[in-house]
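Each remark here refers to the structure printed beneath this line.
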Amino acid sequence: MVSQISRAEETRGWFSPGVVGIGGASLLADIGHEIPTALLPSLLTGFGAPAFALGMIEGVANGAAGIARLGGGPIADDPERRRAAALGGYTATAILSALIGAATATWQVGILRVGAWTSRGLRVPARNALLADIVSPEVYGRAYGFERAMDNLGAILGPLLALVLVGVLGDAHHDSAFGDSWTARRRSNPVRDPPGASIEGAKPHRDQVCFSVCIQRGTRTAVHRHIGVRDG
């Protein structure tokens, strides 16, 4: 009887601040992932990259993420390293994804994307282990189901947010620091300028602006929320 009461109390208490924190981190981090995914084709087109470049970048990045998950398993099994692996993965993914906005060539986008996805894959086993630490086995399904639901919600909201921010922030930040790198690219490719176009007045690519503005804000919040998650 006592064990049944205790089990019922554990079931009712699965929705703890730790579970909410990890779910919130998954939500915000996935929004940060989906924003660059939605903007990447347009960004590569602006660099004059061929159509197969997107598939190559995404294929290599996804492969690297899978290998990183395999390598992150032993790290997640170590209680002393799993928290550092999770936080380091969130932080590195956010930084590398934001740096894509400063890229001036397709190969730079590819390196940053692969690095971001490697960090993303590395943190997954550690995040799952942390979630298992803060709930009892009787409610694993509820806790992991909530985390996955937040992740999928982020995958929906990310592209929608990207569309909004491209329209709202694209023109508002035309004098940003990306203007210099955009002008340099235009000078190196003068053939693409329409007749009478002014290089000095050219605007930085809207997608570059949104990469840095959106990802730095959203994923930074995700990392901060994840830092606040307690193990017990």
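Values quoted throughout were computed directly from the atomic coordinates according to the rules given, and no laboratory measurement underlies them. Bear in mind the structure is a predicted one, so any value in this text is a computation, not a measurement. As a convention, Cβ positions derive from the backbone with ideal geometry for all residues, glycine included, and neighbour counts pool all protein chains shown.
Residues in the range 52-74 that are over 18 Å from L130 (Cα atoms) and buried (at least 18 other Cβ atoms within 10 Å of the Cβ): A53, L54, I57, A61, A64, A65. Taking the range 36-68 as the range and being in contact with a helix residue (DSSP H, G or I) (Cβ under 6 Å, 6 or more places away or on another chain), over 23 Å from G158 (Cα atoms) and in a helix (DSSP H, G or I) as the test, only A68 passes.
Within the range 117-129, which residues are of a type in the set (A, V, I, L, M, F, W, C), surrounded by 24 or more Cβ atoms within 10 Å (Cβ to Cβ) and either over 16 Å from L70 (Cα atoms) or over 12 Å from the mean Cα position of the chain (by Cα) (or both)?
In the first step, residues of the range 117-129 are kept if they are of a type in the set (A, V, I, L, M, F, W, C); the result is 117, 122, 124, 126, 129.
Narrowing the set further to residues that are surrounded by 24 or more Cβ atoms within 10 Å (Cβ to Cβ) leaves 117, 122, 126.
Across the range 117-129, the qualifying residues are L122, A126.
Within the group G145, G88, which residue is closer than 20 Å to G21 by Cβ, out of contact with any Gly (no Cβ under 9 Å at 6 or more places or on another chain) and either free of Cβ contacts under 8 Å to residues at least 12 places away in the same chain or not in a helix (DSSP H, G or I) (or both)? Step through it out loud before you land on a result.
On the way: G88 fails: either free of Cβ contacts under 8 Å to residues at least 12 places away in the same chain or not in a helix (DSSP H, G or I) (or both).
Step by step, each of G145, G88 is checked, and only G145 is closer than 20 Å to G21 by Cβ, out of contact with any Gly (no Cβ under 9 Å at 6 or more places or on another chain) and either free of Cβ contacts under 8 Å to residues at least 12 places away in the same chain or not in a helix (DSSP H, G or I) (or both).
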